[in-house]
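Read through the structure below, which is laid out as structure tokens, and then see the notes.
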Amino acid sequence: MKFFKTAIPLLILFIIFPHPVSGKTIVKDTVWKGELTLSEDIIVPEGVTLTILSGTTINVTPSDRTKSEAEYISYMTEITIRGRLEIEGTKKAPVVFQVKGDKPDRWAGIIIDGGSAYIRSCRIHGAETGVYVLKGSLEISDSVLKRNRYAIIAQGKQALVNMNNIQITKNDYGVFSLAGAKVRLKGGIIAHNMKKDLYLFDETKGLTLKPAPDKSGTQNMIAKHLASCSKSTSEIMREYTTQDKELSKIYGDEVLQGDTVWRGRVLIEGLLRVPENSRLIITPGAVVEFRRKDTDGDGIGENGILMQGVLIAKGTKEEPILFRSAERQRRPGDWDSINIMNSDGAQNLVEFCQIEDAYRGLHFHFSNVMVNASVLRNNYLGIQFQESAVEIKGSRIYGNRSGIKGRDSRVGFTGNYVFGNINGVNFFRTNLNARNNTFLNNMLDGFKIREGMTEAEGNLIACGRSGLMVNDAFHGRFDNNVIVNNFESGMSLRGGDNIEVSGNFIQGNGFNGLNLQDAGAVIKDNFISGNGERGIGIQAFTGAITGNNISGNGLYAVENESGSDIPAPSNWWGGKDAATVIYDKDDETQRGRISYSPIKEETFVFIWPVEDIYADITWHGDILLKNRVNVFDAALDIAPAARVSFSKGAGLKVSGGEILARGKVDERIVFTLAESGKNTPLDPLLIEGKNPPLEKVDAGRFEDASWDEILLEHADGSEFSFCDFEYATWAIHSHFTNLKISNSRFIHNEGGIRFRSGPVEISRSLFKENKVGIRSYFGNALIKENVILDNEVGIFVREKGSGLTIRRNNIYSNRAYNIRAGDFNAEDIDARENWWGENDPAETIFDGRHEPGIGKVIYEPYLKEQVELKGKGKHTP
């Protein structure tokens, strides 16, 4: 028996009038011909062929509903190919897919998910995407795709499309190739589509067509999105393993009364039921395996667990519990699910568990369930629930066709990672509290909400086709989220009211940062920048847009397509004339006006909202970090003239990615303490590129240093130029990183730079009034043409100083030592050709001359005069 799974026989009758095709998984080779009506979804599974003969017309009835079945991908009517599709049209008798009726609704289209399609002489109309290749291959020839939203999309490195003599016209968008898909075209026409004809990016190889020039910058923005989103997710990947276990028990179709405890390895070869008032307790380290049984041949297993009592599956980090297929070659759908039904008393617990290879990993109705620190992967659907009390926290949900589907429930969703699924999460009519989650690299929707009440705060939503979609919600707060690098819109509000969108960072999304359609909301205090076409796109909106930073978007900061006036006071428009970056009534008289007065004259301080960053982003303006922020396997760009402020104890860590802080001579980047309220005063002689006279330094000047550090771990390619660092514990702390620092100032810190390994290059920079200017440990560095003065110690070499080359620097007036060799440094340090001030250099150096057994600083020959760091600014600190 399968729970809540549709299995309706498919009947194909060859008659002259339209005949309905019932939705289901086709279980054997099937032929369509004549005129048919498709009102349900169709799946062609692996090993099965659907053939559509010439002259066939398929009238599709559109459907926009919340599906419960795990095997489907779209919420619209779809034909999904996991086996083989052959469309055998001819020029005189093509196969036609068309929407039934006069409504403008769409159907999903043909979705190739691991299968192959061979399409000849076909007409596809009225689809969201005519053919969507997620994984698999498409051969299409002599065909026409018109009046679709997208004609063809190929997404991912396992997608291959060959097009021959096709016509793609009058769609919203033509052909898109994303994330390394291979698309080839021979002959045909791709033109006169409403918005864009082609998006073919650098990651795609073997192209014969290039897109038309893109003045809006959308193509570059999406290309950046792809580059960012193709990076590793190793930092968030979790896979539990356990030692091989002896088989302790085999179950068939059975009922477990009372309390049952599982240890070791358990094999299930049937449907196991735990009735009301009974408990199933699974101990740490247990392995539960399910034999595959598929009596109806639809490719989905039937063995599973039905809980009507209470499930306690409590593993540990060291001894997790595994639920998996017993087959040698495991795949999604080998077994049914852990079904929890009508168990709404004591809380069911799934903790430190890994659930894989299922149709639905967890499936519960009318139940009380906690899922903690668990992994759900390689399932058709990770978790599905309805009318339940649900808490999911600290879990990884990845590699499923859909991550989560939930409806009509109270849901706490905290600290989870949902990534690498086709669809991320979809909540319908829920009371949802979603905090501090990461939604990353989900191919279609990242985070979708329909109806219900939602509070979403501190989430990262990145690298999906759509980021955050909110439809028909009657109340919601979406505050302090990071929504970046999504292919279409970052955030979309459709048909909702009483919505607050506040404090969000919305950047780098392909079309619109924020899309508003029939929505009522307050849009305030957001940072909306660098989106491909529009910062905010408005189809219909009531509410206000106020206090936002809206800058650097491709076409417009705001475009108003509605006929209503929209209040948008007190926003910052990137320093530009607001009228030039707004498209409204002043551009087309039938549109409403964006009322943008008064204008904010400068950017406001934006409080960075999330702790962990897994996608490329750019900071500009004033950014405040209240806590430590971690950048994993991504690039953090900091724009010229940006000011990054840190609260006491806050810092920044870049691990496996890179930080690029490249200011300009007249647009320096500042890293400072938030509470300082000022910049470090700089000697005007230094600003002019000259050297100041010797002076005494107040020993207490670094006592206020209290933000933490910028820590680089394996962050090769990182660079700082024309940057100022002040009031840090250590301004830069680098481990095993290829790092360049130039034209920068390190003033009033506990320490300027400390590094291990390298290579590191530090040039034309100023180190002044720090306790330690530069500290090296096992370092490999070139330190040249810097000014290092008025520190307690100019350069401290803790150990292994032979990897340093110190040349043509002005190192003087440091209170204790210009250079100090550490007690464990047994190697000589190459510091020739530097200027050491007016006294004997040896008097300012602590090395083996003072303490036997440590290395010496080789300072001769040394310069008799200061190194003049001259130039027009770009060569000066």
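The values are calculated or read from the model by the stated rules, or taken from the named source; none is laboratory data. For clarity, every value in this text was computed on a predicted model and none was experimentally measured. All Cβ positions, even for glycine, are placed from backbone atoms using ideal geometry, and neighbour counts span all protein chains on display. Protein only, heavy atoms only, side chains kept; ligands, DNA and RNA dropped before computing areas. Shrake-Rupley method; radii C 1.70, N 1.55, O 1.52, S 1.80 Å.
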Q. Among (1) open to solvent by 40 Å² or more (accessible area, probe 1.4 Å); (2) within 25 Å of Ser744 (Cα to Cα); (3) in contact with a Pro (Cβ under 9 Å, 6 or more places away or on another chain), where does Val787 come up short?
A. (1)
Q) If Ile312 satisfies every condition in (1) over 30 Å from Ser74 (Cβ atoms); (2) outside any strand (DSSP E or B); (3) open to solvent by 10 Å² or more (accessible area, probe 1.4 Å) but one, which is the exception? A) (2)
Q: Could you tell me whether Ile321 is open to solvent by less than 10 Å² (accessible area, probe 1.4 Å), hydrophobic (A, V, I, L, M, F, W, C), in contact (Cβ under 8 Å) with a residue 24 or more places away in the chain and closer than 25 Å to Ile42 by Cα?
A: no
Q) Looking only at region 782-801, which residues are among the charged types (D, E, K, R) and part of a loop (DSSP other than H, G, I, E, B)? A) Glu785, Asp790, Glu792, Lys800
Q) Just one of the numbered conditions (1) within 20 Å of Lys740 (Cα to Cα); (2) among the small types (Gly, Ala, Ser); (3) over 45 Å from the mean Cα position of the chain (by Cα) is not true of Ser802; which one? A) (3)
Q: Mind listing whichever residues of region 158-174 are outside any strand (DSSP E or B) and farther than 12 Å from Asp197 by Cα?
A: Gln158
(Q) So, Val772, is that one within 20 Å of Phe746 (Cα to Cα) and touching a Ser or Thr at 6+ places or on another chain (Cβ under 8 Å) or not? (A) no
(Q) Can you tell me how many residues within region 401-436 are aliphatic (A, V, I, L, M) and within 18 Å of Phe364 (Cα to Cα)? (A) 4
Q | Looking only at region 703-727, and only at residues there that are under 14 Å from Arg756 (Cα atoms) and in a loop (DSSP other than H, G, I, E, B), the one that is least open to solvent (accessible area, probe 1.4 Å) | A | Ala715
Q: Name the residue, out of Asn433, Asn372, that is closer than 19 Å to Asn339 by Cα and surrounded by fewer than 22 Cβ atoms within 10 Å (Cβ to Cβ).
A: Asn372
Q) Just to be sure, is Ala641 open to solvent by less than 30 Å² (accessible area, probe 1.4 Å), over 30 Å from Ile566 (Cα atoms) and in a loop (DSSP other than H, G, I, E, B)? A) no
(Q) The conditions are (1) without any contact (Cβ under 8 Å) to a residue 40 or more places away in the chain; (2) more than 29 Å from Gly621 (Cβ to Cβ), and Phe428 fails exactly one of them. Which is it? (A) (1)
Q: State the number of residues belonging to region 27-40 that are part of a loop (DSSP other than H, G, I, E, B), modelled with pLDDT of 90 or more and open to solvent by less than 60 Å² (accessible area, probe 1.4 Å).
A: 1
Q. Which ones in region 250-264 are part of a strand (DSSP E or B), aliphatic (A, V, I, L, M) and within 16 Å of Gly309 (Cβ to Cβ)?
A. Val255, Val261
Q.
Here are the criteria: (1) modelled with pLDDT of 95 or more; (2) out of contact with any Lys or Arg (no Cβ under 6 Å at 6 or more places or on another chain); (3) outside any strand (DSSP E or B); (4) under 17 Å from Leu863 (Cα atoms). Tell me which single one Glu833 does not satisfy.
A. (2)
Q | Output for region 384-397, where each listed residue is surrounded by 24 or more Cβ atoms within 10 Å (Cβ to Cβ) and under 21 Å from the mean Cα position of the chain (by Cα) | A | Ile392, Ser395, Arg396, Ile397
Q: Within region 470-521, work out how many residues are open to solvent by less than 10 Å² (accessible area, probe 1.4 Å), assigned to a strand (DSSP E or B) and closer than 19 Å to Tyr614 by Cα.
A: 7
Q.
List pairs: first residue in region 150-168 and open to solvent by 10 Å² or more (accessible area, probe 1.4 Å), second residue among the basic types (Lys, Arg) anywhere in the structure, Cβ distance under 6 angstrom, at least six positions apart or on different chains.
A. Gln158/Lys135; Leu160/Lys182; Asn162/Arg184; Asn164/Lys186
Q: With the checklist (1) over 23 Å from Met237 (Cβ atoms); (2) in contact with an Asp or Glu (Cβ under 8 Å, 6 or more places away or on another chain) in hand, flag the one item Val371 doesn't pass.
A: (1)
Q. Out of region 744-774, which residues are open to solvent by 40 Å² or more (accessible area, probe 1.4 Å) and under 36 Å from the mean Cα position of the chain (by Cα)?
A. Glu750, Arg754, Arg756, Pro759, Glu761
Q.
Checking Arg330 against (1) of a type in the set (D, E, K, R); (2) farther than 11 Å from Phe290 by Cβ; (3) without any contact (Cβ under 8 Å) to a residue 60 or more places away in the chain, only one condition comes out false. Which one?
A. (2)
(Q) Quick test of your reading of the structure: Gly264 fulfils all but one of (1) out of contact with any Cys (no Cβ under 9 Å at 6 or more places or on another chain); (2) closer than 28 Å to Gly420 by Cα. Name the failing condition by number. (A) (2)
Q: Identify, by number, the condition in (1) under 30 Å from Arg407 (Cβ atoms); (2) without any contact (Cβ under 8 Å) to a residue 40 or more places away in the chain; (3) open to solvent by 20 Å² or more (accessible area, probe 1.4 Å); (4) charged (D, E, K, R) that Glu78 doesn't meet.
A: (3)
Q: Looking only at region 728-743, count how many residues are open to solvent by 10 Å² or more (accessible area, probe 1.4 Å) and closer than 13 Å to Trp707 by Cβ.
A: 3
Q. Checking Glu239 against (1) open to solvent by 40 Å² or more (accessible area, probe 1.4 Å); (2) modelled with pLDDT of 95 or more, which single condition isn't satisfied?
A. (2)
Q: Those residues that are farther than 16 Å from Leu460 by Cα and either touching an Asp or Glu at 6+ places or on another chain (Cβ under 8 Å) or open to solvent by less than 10 Å² (accessible area, probe 1.4 Å) (or both), I need them from region 409-422; list them, please.
A: Ser409, Val411, Gly412, Ile422
Q: Tell me, yes or no, whether region 326-339 has at least one residue that is open to solvent by 10 Å² or more (accessible area, probe 1.4 Å), in a loop (DSSP other than H, G, I, E, B) and either over 20 Å from Asn400 (Cα atoms) or in contact with a Cys (Cβ under 6 Å, 6 or more places away or on another chain) (or both).
A: no
Q) Here are Arg120, Arg106, Arg147: which of them is buried (at least 17 other Cβ atoms within 10 Å of the Cβ) and in contact with a His (Cβ under 6 Å, 6 or more places away or on another chain)? A) Arg147
Q: Could you check Gln866 against (1) assigned to a strand (DSSP E or B); (2) open to solvent by 50 Å² or more (accessible area, probe 1.4 Å) and say which number it fails?
A: (1)
